[in-house]
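Data block below; observations after.
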Amino acid sequence: MLSRTRVKICGLTTPDTLDAALEHGAAFVGAVFFARSPRDISPEDARPLFERARGRAGIVAVTVDADDDLLSRIGAHLRPDFVQLHGRETVARAHQVRTLTGAGIIKVLAVSTAADLEAADGWADHVDHLMFDAKPPEGSDLPGGVGASFDWAMLGGRSYRHDWFLAGGLTPDNAASAAAISGAPLLDVSSGVESAPGVKDAARIAAFLKAVA
């Protein structure tokens, strides 16, 4: 890789793991606001935790078809740099979210086959970053963070208006190869740096970041 791949550590809920992400050079840190996720946190609890990251890494609020009330609370308490849209949001809704929160937008596109990448064309001019994540297994209650992956080679050679994220099934062991195969300038990891669902592991966070340094 010609330049260091930047990383987002997502679903952080504790000071020690957030500090591990910052200490080892995460470019982004994420808080999940989705009740069905084992990583769910309230905007009120996220505020003091993530304030330690302000100015050191981009703060990302991960949402799934969030309503106006939740988005307003996120904007008021967390004051994120970006809101990540992980549901069925439309372009029009993305603009509403930007207005409600004052934050940039990351839109997640679920990928299984190369045809799924075509959805990026309708989003590229409306967001700050795209994220390509694996479609979750059928019947999953979660849109991401389940360790599923897809053929990273489908993204090789593609370019978009803004730097984009690769997500899904990434671990300290495969992060470097995933970046090389896909050409992704940004990687997003959650379950791949956990010891149990929703339980981040500081050592695995450090190992992931070192793998792509």
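A few comments on the model shown:
- Long-range neighbours under 8 Å by Cβ, at least six apart or interchain, first residue under 25 Å from ALA134 (Cβ atoms) within the stretch 71-97, second modelled with pLDDT of 95 or more and basic (Lys, Arg): VAL83/ARG98; GLN84/LYS107; LEU85/ARG93; LEU85/LYS107; GLU89/LYS107; ALA94/LYS107
- Among residues of the stretch 170-192 that are touching a residue at least 40 places away in the same chain (Cβ under 8 Å), those with a beta-carbon under 9 Å from a residue that is open to solvent by 10 Å² or more (accessible area, probe 1.4 Å) and polar (S, T, N, Q) at least six positions away or on a different chain give the pairs PRO185/SER3; VAL189/THR171; SER191/THR171; GLY192/THR171; GLY192/ASN174.
- Options ALA114, ALA92, ALA103; residue that is at pLDDT below 95, open to solvent by less than 70 Å² (accessible area, probe 1.4 Å) and more than 23 Å from ARG204 (Cα to Cα): ALA114
- Pairs where the first residue, in the stretch 193-213, is on the phi < 0 side of the Ramachandran plot and open to solvent by 10 Å² or more (accessible area, probe 1.4 Å) and the second is part of a strand (DSSP E or B) and polar (S, T, N, Q), C-beta under 8 Å, 6+ apart: ASP201/SER195; ARG204/SER195
- Of the candidates GLY87, GLY55, GLY25, the single residue that is surrounded by fewer than 20 Cβ atoms within 10 Å (Cβ to Cβ) and closer than 16 Å to LYS107 by Cα is GLY87.
- The residues of the stretch 156-169 that are under 15 Å from GLU118 (Cβ atoms) and modelled with pLDDT of 95 or more amount to a single one, TRP164.
- Put simply, of VAL60, VAL97, VAL127 the only residue that is out of contact with any His (no Cβ under 7 Å at 6 or more places or on another chain), within 26 Å of ALA153 (Cα to Cα) and either among the hydroxyl-bearing types (Ser, Thr, Tyr) or modelled with pLDDT of 95 or more (or both) is VAL127.
The values are calculated or read from the model by the stated rules, or taken from the named source; none is laboratory data. Since the model is a prediction, treat every value here as computed from it, not as a measurement. Cβ sites come from the backbone with ideal geometry, for glycine too, and all protein chains shown count toward neighbours. The accessibility values were calculated without ligands, DNA or RNA, using every heavy atom of the protein model including side chains. Shrake-Rupley method; radii C 1.70, N 1.55, O 1.52, S 1.80 Å.
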